[in-house]
Structure formats: structure tokens, C-alpha cells
Ligand code: 2M8
């Protein structure tokens with residue numbers, strides 16, 4: 001593997017800034033040059049988190065430009081397209097046709113799906129760590145109403161199971177596209193007729209019909225006019241993902257602390273925290289972990305993935321549940337048998353693939369989330385292992401999109417923004 005073990009903290013920080021500056025469009029950071037030339041939703045929230053301690057204004061600009069893509073429904077889209085390179089990624093604006101929808105913003109083209117609602121936690125992180133307090137407070141006051149709209153949207157239009165959790169309606173909404181957690185749900189879909197293909201498939205993306213199914217799901221939703229009733233009654237993919245909902249819960253906790261800054265009532269978010277926690281425990285807890293629930297097939301995913309640990313982000317998760325999760329996380333099923341933190345899929349699973357995106361490799365953003373979870377549960381040793389192991393990955397292989405969990409070699413894109421931004425946070 002590439003080894004750059006000699007890179008010290010100062011040099012690593014300078015390299016991280018160089019990546020972020022190269023990927024900066026003037027108002028947003030694209031995930032990576034080439035493959036991802038637009039603004040992605042949770043990528044930008046991780047970038048904002050990474051910038052929070054260093055540049056309050058730029059961290060704020062990242063969130064502001066993302067929320068410029070928010071729909072009137074409250075939905076924050078998973079891609080906000082760059083006007084110049086608009087069709088430089090498939091599916092681009094001509095597929096999503098956001099402008100045909102009356103609730104979409106006029107100034108920008110977007111996708112019609114969302115991604116994990118990390119925004120309130122990112123805003124809280126900026127507010128908590130800002131060097132420039134006045135800018136941070138002004139930012140909270142400006143963005144708070146938009147986050148209220150986003151959370152209302154999730155609680156109403158996305159509670160497709162009626163049990164208090166938000167459902168994702170496409171694997172892209174999880175941010176963990178090809179995770180084995182969706183395999184059974186995708187296989188259960190009706191036969192796919194569309195034959196859309198990405199113009200440039202990276203060599204290590206699986207050559208099967210998964211992308212056609214992704215497209216069929218996206219087009220079905222689009223053709224319904226992005227109709228919430230269609231999602232509720234007809235759309236064939238609806239999954240309650242523990243990572244998406246764990247992040248939602250953590251963002252609700254962030255809103256309870258941001259509400260007084262914005263002059264708002266924290267009460268609704270205190271209730272939301274309780275509601276989501278109970279729903280997670282009742283609906284997704286099974287055999288020592290949280291598992292994704294397929295609402296259409298009425299079953300929990302048999303595969304244990306990195307997403308199973310998402311609810312650990314909840315500060316109020318009962319201690320015995322946290323202890324069970326940590327046992328699995330530290331066992332040979334995940335960290336115990338890998339050289340680096342944390343494989344995105346259980347190593348012993350048949351679907352585990354050390355080289356394939358969300359089916360095995362380690363990701364800086366997932367490690368950062370688990371490190372945050374360890375910190376909120378006062379597990380300093382685990383937090384240290386996660387932080388140090390992640391820095392070792394980027395020090396040795398650079399700011400890659402993801403990494404082989406056994407030998408630490410880099411996979412996917414180079415100069416990947418969230419790997420660089422979260423490195424800045426880990427170095428602080
Ligand atoms: C990957 O997802 C996109 C679709 O949204 C893709 O495969 O083209 C995922 O890793 C996702 O988490 C990430 O937000 C996106 C951009 O980095 O790439």
C-alpha cells in the first residue's frame with residue numbers, strides 16, 4: 001500500500017486545507033473532483049463540522065448554500081447541482097426535473113431525494129466550537145426555521161410506518177448506497193425495465209443490476225410528482241434505517257439546545273427525542289444491535305452493518321443497550337478482526353467485501369460518527385481508538401473516499417472532502 005507515515009500533524013492539516021480549497025466552488029465544497037462535481041447533502045454537513053473550529057463563516061456558508069436547495073415541503077435534497085457542470089453527473093437535473101415541481105427552489109436544480117438529517121447537529125457543532133461567536137449566533141437564528149421545516153417534513157411525510165421513525169425511500173437516501181442492508185429490499189422489487197447506466201462506472205463498483213433498480217425507484221417517485229401519498233401507498237422501497245434515525249435523533253437533541261439561541265421553544269424537540277428513542281428500541285432493536293426495517297416486506301435486515309450503531313449517537317440511549325452495541329463493535333465481527341476502524345459491514349457476513357464501497361471498507365465519516373457516539377457515552381478509550389485509527393488511515397493513504405479495513409489502502413476517489421474536513425476536526 002501507499003505509505004506516508006512520515007506526515008506529521010501540521011503537514012496533514014495543510015494537505016487537508018489544500019483539498020478543501022481545491023474542492024471549493026466559491027459557496028460550497030464538492031465531495032471530490034471528477035466523479036462528484038456538485039454539492040452533496042451529508043458531505044456538506046461533514047465539511048461544515050470539520051471547518052467549525054477553524055472558519056465559522058465558511059462552515060456557515062457551506063450549510064447556507066446547501067439549504068438554498070431546500071424544497072417548500074421542508075425536504076433538503078441529496079444533491080444541489082452546480083449550474084455549470086449540471087449534466088456532469090448521472091442522474092443529473094434532466095432526470096430529476098426538480099423545476100417541474102412547484103415546491104422546489106427556483107434558483108437551483110436539485111435531486112428529489114434527501115440524505116441523513118445531520119444538519120442540526122452540524123449547526124450545533126459550529127455554534128459549540130465557533131471562534132467567531134457572533135457569526136455563529138447569527139447563523140443559528142438564520143438557519144433554525146429551515147431546520148424546523150426539515151424536521152417537520154421527516155415527521156410527517158416520512159413516517160411511512162406510522163411508528164415515529166422516518167423511512168428512506170431509496171438507498172441513496174441512506175448515504176450508504178450499496179450497503180448489504182438494502183440487498184433483500186432491492187431483490188424484492190418488481191422487474192426493472194429502465195436501462196439507464198452511469199456514463200462512467202468506477203472500476204470497483206459492482207457490475208450488476210443494482211443501478212437499474214436505483215434508477216427505477218428514482219423515476220417512479222419522480223413520475224408520481226414527488227407525491228407523499230405515492231410514497232405512503234405505492235412506492236416499493238421504504239426502510240427505517242437505524243443510522244438515518246439515529247442521526248435524526250441526535251439532530252433533535254441539537255435543536256433542543258439551539259432553540260433558546262433562536263428564541264424558540266425547545267419542547268417539541270424534547271418530545272421528538274423521546275418519541276424517536278422509543279420507536280428505535282421498539283421497532284429496530286434485535287439480537288444486540290439495531291437493524292434496518294423493510295416496511296414493505298415487514299422484516300428486519302439480517303445483515304449487521306455500520307448503520308446498526310447509528311442510535312448510539314443518542315445521549316439518552318439506555319446504558320445496557322450501549323454496552324451491548326459496544327460489545328459487537330469491538331468484537332471480531334467489526335473492529336476486533338480489522339486492522340483499522342471500522343468496517344462498514346460485519347466481517348463474517350457473506351456479503352462482506354473489503355474492496356466495495358459500503359459493503360466492507362472503512363469510511364472517515366462513519367468513524368467520526370462513532371467517535372462522537374463514544375464521546376457522548378463517556379467512552380474515552382473507544383473514542384481514542386477511533387480517532388487515532390482514522391488519522392492513521394489518512395496519514396498513510398491520503399484523503400481517500402474509503403479504505404481497506406485490513407491493510408488501510410485507499411479506495412474510490414482521491415482528495416475526498418469529508419475525509420479532509422473531518423481530519424481537521426480530529427487534529428484539533
Ligand atoms: C455516494 O453516493 C452517490 C449517490 O448519492 C453515488 O454513489 O454516486 C455515497 O457514498 C454517499 O454517501 C455520498 O454522499 C456521495 C457523494 O460523496 O457518494
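Before moving on, here are some points about what is shown:
- Extension gain (nm, one decimal) between residue 87 and residue 375, 0.36 nm per residue minus Cα-Cα: 99.6 nm
- Between residue 428 and residue 266, the modelled labels are 2.1 nm apart [label points 7 Å from Cα along Cα→Cβ].
- Selected from 387, 263, 92 as most flexible by GNM, with the chain as the system and alpha-carbon contacts under 10 Å: 263
- Once the Cβ-Cβ distance of residue 224 and residue 142 is raised to the sixth power relative to R0 = 30 Å, the FRET efficiency obtained is 0.35.
- Additional length obtainable on full extension of the chain from residue 331 to residue 189, 0.36 nm per residue less Cα span: 47.7 nm
- For the peptides 416-425, 269-278, the ranking by packing is 416-425, 269-278, with the highest mean count of neighbouring Cβ atoms within 10 Å listed first.
- Sorted on the mean count of surrounding Cβ atoms within 10 Å across their residues, most packed first, peptides 325-338, 356-369 read 356-369, 325-338.
- Compactness index (Cα Rg / 2.2 N^0.38 Å), segment 68-189: 1.20
- Residue-span extension gain [residue 64 to residue 97] - 0.36 nm each, minus C-alpha spacing: 9.6 nm
- Between the C-alpha center of segment 91-128 and that of segment 138-160 there is a gap of 12 Å.
- Projection of the Cα convex hull of segment 9-427, averaged over all directions and equal to a quarter of that hull's surface, yields 17.9 nm².
Read the figures in this text as sums done on the coordinates, not as results from a lab. The structure displayed is predicted, hence computed values, not measured ones. When we count neighbours, we look across all protein chains shown, and the Cβ atoms used for this are built from the backbone with ideal geometry, even at glycine.
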